[in-house]
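Asks: First the structure, which I've put down as C-alpha cells, then a few questions once you've had a look.
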Amino acid sequence: MTISSRLQAWTLASVMLAVPAAAQTPTTRAAFPDHPMMPRDLEIELALNAAPKHVRDGATVLVLDSTGYVQAREGTNAFTCVVSRRGGDVFPVCWDAEGAKALLPIDLDEARLRLAGTSIAEIDRQVADGFKSGKYRAPSRTGVAYMLSPMRYRIDEQGRVTPSNPNPHVMFYGPGLTDADIGGVRGSLLFMNKVGPDGMIIVPVGSKEREAILSESRPLIDRVENALGYRASVKE
C-alpha cells in the first residue's frame, strides 16, 4: 500500500473523531498548542529541511491539517518528509522507504489521536501496546532517516516553546541496540537515542557541516519561530 493510499484510509477512519475546523484559530495554532499548525508552504519547507539537498526535490511531503497528516506532495524517490509533533516534540524528519512503512505510522496515528482529544500519556500507552500487539513493528532491514535540520522545539500543553540545541544528524535503524552494543556515548561520534524497537543510532554531522546548515537555515528558522510564537525577547 502506498503512502498516499494509507493516508486516505487513515483520514477516512478518523474523520468522525477529528477536531472541527471551526474549533481552530485562524493563525497557526491547533486545538492543542503542543500540535501547532503552520502555513502549508512553510511546513513543506521545514519538512524538507530535514533532508540533504539531493533528496529534497524528489521526496514525498506530509503536512498537518485539522484531521491529521495529509499528503501535500507526491514524491519521485523513496523518501517521505514530515514535521513530527509527537508528544509536543516538534522537528522535521525524512524517512527512507522502510522507515515510512515501519515508524512513520506512529506519528500519523499520534497526530490523529491527539487532535481527537486523546491525552499524551494515553497515546504513549497505545504506542507501547501497539509494538506488543504487532500493530507497529521495528524496521525489518538496515535503513536511514535524516534529521539534518537545526530546528527542534519542545512545546508543552500550554503552548510554551523551548528550542533544543541545534544537532543536525543522520539516524540508522538499531532496534533493541544499546550504547554498549555500538560503543556509543551520548553527544559523541555516535550513540543510541533510546533502546527499543524504534531505537536509532544517532550520527551527528561534523562541525563544518553543522555551521553550514545553520547558516543556510537561518531565514527559515526565523520564519518557523515566528509561526510558533517564539519571540526573540523570550529566548533562553
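The values are calculated or read from the model by the stated rules, or taken from the named source; none is laboratory data. Bear in mind the structure is a predicted one, so any value in this text is a computation, not a measurement. Here the Cβ is made from the backbone with ideal geometry for all residues, glycine too, and neighbour counts use every protein chain on show. SASA here: full protein model, heavy atoms, side chains in, ligands and nucleic acids out. Shrake-Rupley method; radii C 1.70, N 1.55, O 1.52, S 1.80 Å.
Asks: Which residue, of R73, R86, is under 17 Å from the mean Cα position of the chain (by Cα), open to solvent by 30 Å² or more (accessible area, probe 1.4 Å), within 19 Å of R152 (Cβ to Cβ) and touching a residue at least 24 places away in the same chain (Cβ under 8 Å)?
Replies: On inspection, the qualifying residue turns out to be R86.
Asks: Any residue at all in the stretch 122-137 that is crowded, with 18+ Cβ neighbours inside 10 Å and either among the hydroxyl-bearing types (S, T, Y) or at positive phi (or both)? First the steps, then the outcome.
Replies: Step one: filter the stretch 122-137 for residues crowded, with 18+ Cβ neighbours inside 10 Å, giving 123, 127, 136.
From the residues that got through so far, the ones that are either among the hydroxyl-bearing types (S, T, Y) or at positive phi (or both) too are 136.
Yes, because at least one residue in the stretch 122-137 is crowded, with 18+ Cβ neighbours inside 10 Å and either among the hydroxyl-bearing types (S, T, Y) or at positive phi (or both).
Asks: Sticking with this structure for a sec: Any residue at all in the stretch 188-196 that is farther than 19 Å from D89 by Cα, surrounded by fewer than 13 Cβ atoms within 10 Å (Cβ to Cβ) and out of contact with any Cys (no Cβ under 9 Å at 6 or more places or on another chain)?
Replies: Yes, because at least one residue in the stretch 188-196 is farther than 19 Å from D89 by Cα, surrounded by fewer than 13 Cβ atoms within 10 Å (Cβ to Cβ) and out of contact with any Cys (no Cβ under 9 Å at 6 or more places or on another chain).
Asks: Are any of the residues in the stretch 65-72 touching a helix residue (DSSP H, G or I) at 6+ places or on another chain (Cβ under 9 Å), over 20 Å from A97 (Cβ atoms) and small (G, A, S)?
Replies: yes
Asks: Could you give every pair whose Cβ atoms fall below 8 Å, whose first residue belongs to the stretch 121-140 and is without any contact (Cβ under 8 Å) to a residue 60 or more places away in the chain, and whose second residue is among the hydrophobic types (A, V, I, L, M, F, W, C) and part of a loop (DSSP other than H, G, I, E, B), counting only separations of at least 6 or pairs across chains?
Replies: If the second residue must be among the hydrophobic types (A, V, I, L, M, F, W, C) and part of a loop (DSSP other than H, G, I, E, B), the pairs left are P139/L103.
Asks: Now, a different point. Out of (1) open to solvent by less than 80 Å² (accessible area, probe 1.4 Å); (2) closer than 26 Å to A100 by Cα, what's the single condition that is false for V161?
Replies: (2)
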